[in-house]
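Below is one structure, written out as structure tokens, with a few remarks after it.
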Amino acid sequence: MPRKVILDCDPGHDDAVAILLAYGNPEVELLAITTVAGNQTLDRTTLNARRVCTVAGIRDVPVAAGCDRPLLRELITAAHVHGESGLDGPSWPEPDVPLADVHAVDLIIDLLLASDREVTLLPTGPLTNIALAVRREPRIVSRVQEVVLMGGSATRGNQTPAAEFNVLVDPEAAAIVFEAGWPLTMVGLDLTRQARVTPEVLNRLLRLGSPLSRVVVQMLEAYRDHHRRQSVDPPGLHPGIWPGELEREPPLHDPCAVARVIEPTCVECVEAFVAVETQGRWTSGMTVTDFRPSPGRPFNARVATRLDVDRFWDLVVSAVERVGLDAARSGGSTA
């Protein structure tokens, strides 16, 4: 039976592919797409979600806008990674997928309380919506089968030396989510840096030959170009000191969390204790990860460590192919 999933995201090129993977795989029943400010401002991330749904022909999944700022902090965005639109690359058509007339936090709560079986939360952006949902309605914790989030790192960050972007944007929200007591898997940079957008991957997508696959390639090429402009080797830095940051092919972070939901064996995990640093001057947003058992401090998360890269890309390419065929049959828009 497919797993019921709510995808909470901030599109973002990798979020866009995460939407396609979640919708295009038969192991997932996508209940809703909710948006949050992160990679860009809320108006842009929400527009981008509607753009992706339009070109993919996704018209049976509600899209709801959520929080436009972190709980306590000023918003940090990632225009240097995703461009001023948040989804540079294709020439997007005017979206024809409507926005649900409900706040994302309310939709998350309503879907969880109404579900006849447990739901998986799949956050791939800052955790503001999820934290507010927990604070507003604590009963949802028992209705969640698992939280599988893209964020954090057991080693180095990417936005700062200590912190991964999604957690850094709203560390207070992340702390609430990690401390909520539900089953949680952290698919962080240690795992996602293994999912590189190589020329071979782009060629596989191009060979699908659908309007949607061409849009995906345009997105990923723009994402790659932004990444390469940022990836300048610091003078004298030994290769490997910043694992994954100096390579020329960008990591595709967010679909890795979706792959964990679809096929858990594709993403190997280790039990750990994870705490979110909210106070440190240089370490705010760090996910402090301890793999050692400790009396009085039980493990509270599974931490993703190893990706079956070939299987991961098989899942992504197959989903793009399936969604592209369905969109063509239904007369879905193209960019």
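Coordinate-derived values only; no laboratory data. None of the values given here were measured: they were computed from a predicted structure. Glycine also receives a Cβ, built like all others from the backbone with ideal geometry; neighbour counts cover every protein chain displayed.
Quick notes
- Rg to Rh, two decimals, where segment 1-74 supplies the alpha carbon set and Rh follows Kirkwood: 0.99
- Listing Asp106, Asp15 from fewest to most neighbouring C-beta atoms within 10 Å gives Asp106, Asp15.
- Cα centroid separation, segment 142-183 to segment 16-35: 20 Å.
- Cut-off of 10 Å, at most 13 other beta carbons, DSSP loop: longest stretch of the chain lacking such chymotrypsin sites (Phe, Trp or Tyr not before Pro): 1-281
- Cα gyration tensor shape of segment 37-195, rounded if a/c is under 1.5, else prolate or oblate by comparing a/b with b/c: oblate
- Asp170, Asp290 arranged by Cβ crowding within 10 Å, fewest neighbours leading: Asp290, Asp170
- Footprinting exposure proxy for His227, His80, His253 (fewest neighbouring C-beta atoms within 10 Å first): His80, His227, His253
- The distance from the alpha carbon centre of segment 284-335 to that of segment 98-115 is 23 Å, rounded to a whole number.
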